[in-house]
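One structure below.
Read the figures in this text as sums done on the coordinates, not as results from a lab. What you see is a predicted model; the values in this text were computed from it and never measured. Neighbour counts run over all protein chains shown; Cβ positions are idealised from the backbone, glycine included.
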């Protein structure tokens with residue numbers, strides 16, 4: 001739904017009037033009849049011109065030169081596939097019927113055209129849908145005024161602002177947890193004892209312990225004071241690396257689409273469990289945002305995800321991913337089709353630096369080939385090379401899981417969400 | 001943070017069913033009626049083909065091509081562009097020849113020329129005029145998707161126009177009106193009417209430059 005705080009824009013806008021297609025056709029018939037009457041000297045052709053010319057004589061001379069168009073600004077953030085509504089109202093149209101239609105920009109699906117009621121000024125609701133993630137133009141609202149005979153048409157246009165369309169987050173219910181968590185307050189039970197809510201064990205009471213935590217059943221059984229201990233609750237640092245260097249595969253489910261949706265799903269899931277999430281966008285330019293929490297941080301992450309940074313370091317110039325984006329002990333989740341050797345080298349470097357890295361492979365297509373021998377052999381070599389890349393990463397302790405975008409992320413990540421990943425440096 | 005549990009990334013597909021492929025059945029009915037009307041009009045204007053002067057054959061070809069193209073244009077107007085399942089820009093390339101030329105106007109001119117090339121009776125031309133008027137209204141209704149009831153306010157003007165047409169046909173049918181000073185007077189009256197008709201259009205076109 002649109003933001004109710006959005007202020008409508010109201011301006012007197014000039015109307016461009018022109019003959020309608022119907023009027024042009026009537027004029028053609030009328031003038032054609034008259035010209036033939038003159039050329040041939042046959043009066044019946046002049047008579048043939050009479051009905052269209054009489055019809056043209058009925059149009060209204062009082063056409064408004066300008067009208068007030070009110071367009072309530074639609075919400076400027078949406079998720080791909082969601083409908084966005086906005087209001088359109090007209091005043092001063094002087095009894096002309098008005099029809100509003102959205103002339104949509106690419107990747108935007110407009111809703112149906114809407115007839116604006118004459119004279120009331122009551123805004124009507126229009127809708128559009130962003131079909132793909134990205135920062136893009138919505139289009140323009142075209143209003144066409146018509147008289148009752150549809151002989152004259154007045155048109156005016158209002159350009160809508162750009163919209164940020166976030167990728168639809170992939171579904172991820174479970175979370176991947178590391179065995180060692182940094183000492184920040186959070187919601188994940190850690191291995192160390194602390195002030196959390198999850199039962200950790202029972203131990204003997206020592207002076208200084210809180211008496212309210214005495215475990216009376218154990219104390220009665222053993223004859224000495226025993227205490228219930230609880231697991232500490234910690235937050236985790238998660239850095240998602242989105243590989244935007246390649247976009248291959250079926251439109252709508254290309255590797256880049258899956259990278260975006262997987263990244264968005266991971267960010268949403270970890271931010272919902274109060275973890276600190278950062279993002280590295282590995283595209284034409286390298287962009288990153290360090291881990292953080294909260295709604296504003298989510299917006300910053302999405303802004304970086306959907307739009308290519310206008311400047312920055314090119315990944316070719318980067319030998320190591322920036323330290324500021326990668327806090328020590330962070331879990332690194334990479335969404336990539338693993339087609340860029342620079343990213344693969346960067347992942348190897350991260351593993352050497354002791355980070356726990358997990359790769360979600362989103363490559364779901366192969367190069368096109370005909371059935372020739374050379375083509376088959378080339379495809380086979382390509383497949384073997386891809387297999388070798390994944391094997392070499394697995395060998396250095398970087399698990400690679402494959403995701404096709406049709407199932408939730410929980411399915412490929414199930415082996416890692418059931419138990420904590422043991423951190424080994 | 002937006003996450004709708006009922007939707008996943010797999011819900012997104014490049015083409016969504018339900019949005020496309022919808023055709024107005026009423027629109028198609030009007031297009032069918034228009035096609036019938038345009039065929040009758042073209043046939044009426046061409047008949048009898050054997051008595052036509054030089055250029056009749058060309059006029060017939062132009063009339064048939066423009067008639068077919070104008071109906072094709074109406075069909076494409078009725079069917080949503082997204083439902084034309086053709087790869088790449090093929091849909092645009094298919095549609096552009098129909099949308100770039102005003103085929104209905106071309107057909108009207110071709111039918112009038114075809115009629116002028118015959119030595120037809122005045123009542124023949126009168127019926128052609130009514131058929132052409134009906135064709136233009138049918139095209140208008142098919143384009144806008146409106147019902148025939150929207151023409152009700154224009155009925156007096158239509159009736160008056162047809163009355164004038166009948167008067168002209170009757171005058172032309174009287175012996176001796178196609179020669180002598182009557183013809184010169186008729187030509188002057190026709191020129192004045194043409195100037196008036198052009199004057200009707202100019203204020204609409206001119207007002208587009210108003211601030």
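For region A:28-79, what size does the Cα cloud have along each of its three principal axes, sorted from largest down, in whole Å?
Principal extents (Cα only, largest first): 67, 30, 14 Å.
Which value in nm describes the separation of the simple spin-label points at residue A:179 and residue A:57, placed 7 Å from the Cα toward the beta carbon?
Spacing of the two 7 Å Cα→Cβ label points: 9.7 nm.
Considering chain A as a Gaussian network with a 10 Å cut-off on Cα pairs, which listed residue, A:90, A:168, A:258, attains the greatest mean-square fluctuation?
Comparing A:90, A:168, A:258 in a Gaussian network model of chain A, the most mobile one is A:90.
Rounded to the nearest 0.05, what FRET efficiency do residue A:348 and residue A:13 have when you use their Cβ-Cβ distance and R0 = 56 Å?
In this case the efficiency is close to 0.40.
Along Cα→Cβ, 7 Å out, is where each label goes; now give me the distance between the ones at residue A:124 and residue A:65 in nm to one decimal.
2.8
Relative contact order of region A:25-80: what whole-number percent is it, with Cα pairs under 8 angstrom and at least 6 residues apart?
30
Rounded to the nearest 0.05, what FRET efficiency do residue B:150 and residue A:377 give with R0 = 60 Å and r taken as the Cβ-Cβ distance? Could you check?
Using R0 = 60 Å, I get an efficiency of 0.30.
Looking at chain A only, what percent of DSSP beta bridges run antiparallel? Nearest 5 please.
That works out to approximately 70 percent antiparallel.
Any chance you could run the full-extension gain for residue A:323 through residue A:284? It's 0.36 nm times the residue separation minus the Cα-Cα distance, nm to one decimal.
12.1 nm
Would you mind telling me which residue in A:333, A:239, A:35 has the biggest mean-square fluctuation in a Gaussian network model of chain A, where springs connect alpha carbons within a distance under 10 angstrom?
A:35
Can you pull the mean other chain C-beta count within 10 Å for peptide B:158-165?
Per residue, the number of nearby Cβ atoms from other chains is 6 on average.
At what distance in nm do the modelled label points of residue A:219 and residue B:28 sit from each other, each positioned 7 Å from its Cα along Cα→Cβ?
Taking the simple label geometry, residue A:219 and residue B:28 are separated by 8.3 nm.
Given springs between every Cα pair under 10 Å in a Gaussian network model of chain A, which of A:365, A:408, A:72 has the largest fluctuation?
Of A:365, A:408, A:72, the most mobile in the Gaussian network model is A:365.
I'd like to know how region A:347-387 sits against the 2.2 N^0.38 Å rule of thumb: what's its Cα Rg over that expected value?
Normalised Rg, Cα atoms only: 1.72.
Stretched out fully, how many nm does the piece from residue A:395 to residue A:369 gain, at 0.36 nm a residue minus the Cα gap?
Separation in residues times 0.36 nm, less the Cα-Cα distance, equals 6.3 nm.
Can you give the Rg/Rh ratio of region A:9-105, where Rg is from the C-alpha atoms and Rh is the Kirkwood radius?
Ratio of gyration radius to Kirkwood radius: 1.23.
To the nearest 10 degrees, how steep is helix A:295-306 against the longest Cα principal axis of chain A, on a 0 to 90 scale?
70
Can you give the mean number of other chain Cβ atoms that lie within 10 Å of the Cβ atoms in peptide A:144-152?
3
Give the share of C-alpha pairs in each 10 angstrom bin for chain A, from 0 to the last occupied bin, in whole percents, shortest bins first.
All Cα pairs, binned at 10 Å, distribute as 4, 16, 19, 15, 14, 12, 9, 6, 3, 1, 1, 0, 0 percent.
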